[in-house]
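What follows is a set of notes on a single structure, which appears directly below.
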Amino acid sequence: MPWFLNPRVYENLPVYQNPELYLFIFKLAATVIFALLLRKQGASVRRLSAIAYVFFYGVFLTVMLFMHNFVILGLRIFEPSAKGYATYDFHLYSLILLGAVLFLEGVRSLRAAFLLKNGDDESGVREAP
């Protein structure tokens, strides 16, 4: 198993060496840059805070669930199988499905944030004919 997939590696590290901290800082920095660009366009504070919240939520879900699927698949690929061949594992498939569904929800939130940024107040919601 590669060292970066071993959860025990991160237990005794100082906070500044934990990769999750840097992922969180990246998400905050992306949200601040997005909010500054929005403010430059003249968005009101109320609109700015709502769109920045939706953007942060989307970035958080997208990045964290991508990493979730990356680690789950990495552990499965590098973990030696006891039987020597791949077996059916519902637990693995459910974790991947959960990660994929929530990843797509994060992408939808990012899309909604960009639609709201461009002035679409309904953010893609259509009424029934």
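The values are calculated or read from the model by the stated rules, or taken from the named source; none is laboratory data. Quick caveat: nothing in here was measured; it's all calculated off a predicted structure. So basically every Cβ, Gly included, is an ideal-geometry build from the backbone, and we count neighbours across all protein chains shown. We work out accessible area using only protein heavy atoms, side chains counted, and drop any ligands, DNA or RNA first. Shrake-Rupley method; radii C 1.70, N 1.55, O 1.52, S 1.80 Å.
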Next on the checklist: Restricting to region 115-129, name every residue that is open to solvent by 90 Å² or more (accessible area, probe 1.4 Å) and modelled with pLDDT of 75 or more.
Outcome noted: ASN118
Next on the checklist: Taking the criterion of being modelled with pLDDT of 80 or more, open to solvent by 60 Å² or more (accessible area, probe 1.4 Å) and among the aromatic types (Phe, Trp, Tyr), would at least one residue in region 73-83 satisfy it?
Outcome noted: no
Checklist entry - Given the conditions (1) among the aliphatic types (A, V, I, L, M); (2) at pLDDT 85 or above; (3) part of a loop (DSSP other than H, G, I, E, B), and given that LEU97 satisfies all but one, which numbered condition is not satisfied? => result (3)
Item to check | PHE78 being over 18 Å from ALA112 (Cα atoms) and aromatic (Phe, Trp, Tyr) | outcome: yes
Next on the checklist: Being under 24 Å from ARG8 (Cα atoms) and open to solvent by 50 Å² or more (accessible area, probe 1.4 Å) narrows it down to one residue among LEU21, LEU36, LEU102, LEU97; which is it?
Outcome noted: LEU21
Item to check | Matching residues, region 93-112, being touching a Ser or Thr at 6+ places or on another chain (Cβ under 8 Å) and aromatic (Phe, Trp, Tyr) | outcome: PHE103
Checklist outcome for this item: By residue number, the members of region 42-61 that are in contact with a Lys or Arg (Cβ under 8 Å, 6 or more places away or on another chain), free of Cβ contacts under 8 Å to residues at least 24 places away in the same chain and over 14 Å from LEU115 (Cα atoms) are none
Checklist entry - Of all the residues that make up region 32-81, how many are in a loop (DSSP other than H, G, I, E, B) and hydrophobic (A, V, I, L, M, F, W, C)? => result 1
